[in-house]
């Protein structure tokens, strides 16, 4: 019994001792961690070992057809641990390795590199940067086969430090839209807005501090590999982006404007196909993208806002477009403030249709004031019904918040309502105005613009984005039909009649707003044109803004509208789906074989084989056919240098031969003879541009 008690006593003593030791260990760990942590951290740094994050490879940004807009290119810095190799291997390889380094980098002599390696080895330096120029993967493979380096990192001492470099294959195209991200995770554009998806997950690795304060990776087997970022696929069309950016740049240079922006959007989908923002330097010699005016730039929109006023009037009254309104001599007073029309002497008495198409400030303001003057809140409610007081929820961070003045605003006055009706005392971004005009083109449906379609990893779709319907209908069908006719009339007969000579109909509205400086209106102007095309079957909507143009031309009609037309014409020429095919006279196929156009010598041989009468009024190599008196008559096809030729009716072989000789890139659909061509015959050739042929 005594023995049993003795054993239990001893066990208890041991247990108590273990508990005391454990308690001391825990307390000591706490002291080391929280009380003495800073001291030991500093000591660890002095010793030179610590874990550091290893950046993941950033995801790619693609255009709508898979073209790379931004990618991370893996580059490498060549370093060396000269202490790793044996004396025999080092001495045998140093001379030839130094020669390789000298020839490859071309900046120093063979003796320089040899002395550099020997000195580092003698001083026991374990980390030596051989050259600060970065090399790509192919160069890395070549260098890995050099003397000494072919032995690898553990025996030869070669160190390739991976460093990702962000590359833009299209240089400055869409620069601000693609954006950037800095080391503090601040930035702009898509890079910043989708940084969470693009950045990936950082890894972790042990680094040792070496001479010169540099840190060298240890590769001790404890490292955690980084997880690469996802790719994002945008809605941007590289070709349309180039068209829009080039047209905007030319206009800004021509008018020596402060800045400008362009947005092109697909009507049905809300996909942004092009977006460009350019600002001038101090002497207007160069323009670059430094701010996203289209998405963030709040401004009084001016006369493009008259569309909203007209919708409110048509929805709330029995107003007819044929009704008349007296605008007087072009000057009208609201209280003590004068409102003017841009036509000297005014328009006098005019119809409601003419008031909108000719953009009469007085007419629109008088109608709004006469109807909503006793109840301005009702007018504001209509603006809210059209979603003009809310942001679009655009995918890019930084969208401007629209400002529609309320009657409760301390700055509200008797002139606020008439001035708001023509686009003053309120602020919207160009993208918000475009979405509003796009709703008119889209049968009244207001949709959220989108610029990123999906997030992917290789071929795996991670997340898909579609445009959200913000408003099923911004107005009644009757009002929609009337305002669409008004927007077409602006181009046919109104302020934008200077752009009506396109082979398709354009609908839109010009805008000119005075720029405010220090709270006062100046004689500088914010010009714009918003609209869509083709007007009878809308496919694209677009807005052009040019701020503070200088010189004779100061209004939206003469500054912004021509840019819209240039972009629309280029899209029309490039997109075969936008326009109807040309109809040409056809040979009676029940009498003659299908002989429409081609090489004259070959067609004559065919006619001789089939005993078909033929005669010629031309000696040209390429001809077209006419039927005359039961015979085929050859006429010239007019293939002129620098001009898009007419290849309708030709075989694909002949059409490709002619078009490629004119400098065009040919794509085709179907088989047989050419039935349609996307670029109109007779237009000036844009070298390298695409022309699509439909065969049947």
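Six or more apart or on different chains, Cβ atoms under 8 Å: show the pairs whose first residue is in the stretch 650-678 and closer than 17 Å to residue 623 by Cα and whose second is assigned to a helix (DSSP H, G or I).
Going by the 8 Å Cβ cut-off, the qualifying pairs are 650/658; 673/652; 674/652; 674/655.
Please work out which one of (1) modelled with pLDDT under 95; (2) in contact with a helix residue (DSSP H, G or I) (Cβ under 7 Å, 6 or more places away or on another chain); (3) in a strand (DSSP E or B) is the condition residue 261 fails and give its number.
So residue 261 meets the others, but not (1).
Residue by residue through the stretch 164-217, note down the ones that are part of a loop (DSSP other than H, G, I, E, B), crowded, with 18+ Cβ neighbours inside 10 Å and modelled with pLDDT under 90. Show your work before the answer.
Initial filter on the stretch 164-217 (part of a loop (DSSP other than H, G, I, E, B)): 168-174, 179, 182-186, 194, 200, 202, 210, 214.
From what is left, the residues that are crowded, with 18+ Cβ neighbours inside 10 Å are 173-174, 179, 194, 200.
Of everything in the stretch 164-217, those that are part of a loop (DSSP other than H, G, I, E, B), crowded, with 18+ Cβ neighbours inside 10 Å and modelled with pLDDT under 90 turn out to be 173, 174, 200.
For residue 153, work out the one condition from (1) at pLDDT 90 or above; (2) touching a strand residue (DSSP E or B) at 6+ places or on another chain (Cβ under 7 Å) it doesn't fulfil.
Every listed condition holds for residue 153 apart from (1).
Find the residue count for the stretch 503-536, including only residues that are assigned to a loop (DSSP other than H, G, I, E, B) and surrounded by fewer than 15 Cβ atoms within 10 Å (Cβ to Cβ). Show your work before the answer.
Just the residues of the stretch 503-536 that are assigned to a loop (DSSP other than H, G, I, E, B), to begin with: 503-506, 518-519, 534-536.
Those still in the list that are surrounded by fewer than 15 Cβ atoms within 10 Å (Cβ to Cβ) too: 503, 518-519, 536.
Number of matching residues: 4.
Looking only at the stretch 147-159, decide whether some residue is touching a residue at least 12 places away in the same chain (Cβ under 8 Å), under 37 Å from the mean Cα position of the chain (by Cα) and either surrounded by 14 or more Cβ atoms within 10 Å (Cβ to Cβ) or within 30 Å of residue 69 (Cα to Cα) (or both). I'd like the intermediate steps shown before the answer.
We begin by selecting, within the stretch 147-159, every residue touching a residue at least 12 places away in the same chain (Cβ under 8 Å); these are 147-149, 151, 153-159.
Still in the list and also under 37 Å from the mean Cα position of the chain (by Cα): none.
Scanning the stretch 147-159, I find no residue that is touching a residue at least 12 places away in the same chain (Cβ under 8 Å), under 37 Å from the mean Cα position of the chain (by Cα) and either surrounded by 14 or more Cβ atoms within 10 Å (Cβ to Cβ) or within 30 Å of residue 69 (Cα to Cα) (or both), so the answer is no.
Only one of 362, 380 is within 42 Å of the chain's Cα centre (by Cα), over 30 Å from residue 470 (Cβ atoms) and not in a loop (DSSP other than H, G, I, E, B). Can you tell me which? Before the answer, list the steps.
Values: 380 fails: over 30 Å from residue 470 (Cβ atoms).
Every option except 362 fails the conditions.
Filter the stretch 492-502 down to the residues that are in a helix (DSSP H, G or I) and either closer than 30 Å to residue 316 by Cα or without any contact (Cβ under 8 Å) to a residue 40 or more places away in the chain (or both) and list them by number.
The initial filter retains those residues of the stretch 492-502 that are in a helix (DSSP H, G or I), namely 492, 497-499.
Matches in the stretch 492-502: 492, 497.
Would you mind stating whether residue 315 is within 25 Å of residue 513 (Cβ to Cβ) and modelled with pLDDT under 95? Can you show your working first?
Values: within 25 Å of residue 513 (Cβ to Cβ): yes; modelled with pLDDT under 95: no.
No; evaluated as a whole, the condition is false for this residue.
Looking at 368, 397, which is the one that is surrounded by 19 or more Cβ atoms within 10 Å (Cβ to Cβ), in contact with a helix residue (DSSP H, G or I) (Cβ under 8 Å, 6 or more places away or on another chain) and in contact (Cβ under 8 Å) with a residue 24 or more places away in the chain? Before you say what the answer is, go through the steps one by one.
Working: 397 fails: surrounded by 19 or more Cβ atoms within 10 Å (Cβ to Cβ).
Just one listed residue meets the conditions, 368.
Which condition number does residue 108 fail, the rest of (1) assigned to a loop (DSSP other than H, G, I, E, B); (2) farther than 30 Å from residue 451 by Cα; (3) touching a strand residue (DSSP E or B) at 6+ places or on another chain (Cβ under 7 Å) being met?
Here residue 108 clears every test but (3).
Check 130, 73 and return the single one that is assigned by TED's automatic domain parsing to the domain that holds residue 228, surrounded by 20 or more Cβ atoms within 10 Å (Cβ to Cβ) and within 20 Å of residue 165 (Cβ to Cβ). Walk me through it before giving the result.
Details: 73 fails: surrounded by 20 or more Cβ atoms within 10 Å (Cβ to Cβ).
130 is the lone residue from the list that is assigned by TED's automatic domain parsing to the domain that holds residue 228, surrounded by 20 or more Cβ atoms within 10 Å (Cβ to Cβ) and within 20 Å of residue 165 (Cβ to Cβ).
Can you tell me which of (1) outside any loop (DSSP other than H, G, I, E, B); (2) within 44 Å of the chain's Cα centre (by Cα) is the one residue 90 doesn't meet?
Exception for residue 90: condition (2).
Across the stretch 274-312, which residue is farthest from residue 238 (Cα to Cα) among those that are surrounded by fewer than 21 Cβ atoms within 10 Å (Cβ to Cβ), touching a residue at least 40 places away in the same chain (Cβ under 8 Å) and touching a helix residue (DSSP H, G or I) at 6+ places or on another chain (Cβ under 8 Å)?
For the stretch 274-312, the residue satisfying everything is 297.
The values are calculated or read from the model by the stated rules, or taken from the named source; none is laboratory data. Predicted model, so just to flag it, every value in this text is computed and none were measured. Using ideal geometry, Cβ is built from the backbone for each residue, glycine included, and neighbour counts are taken over all protein chains shown.
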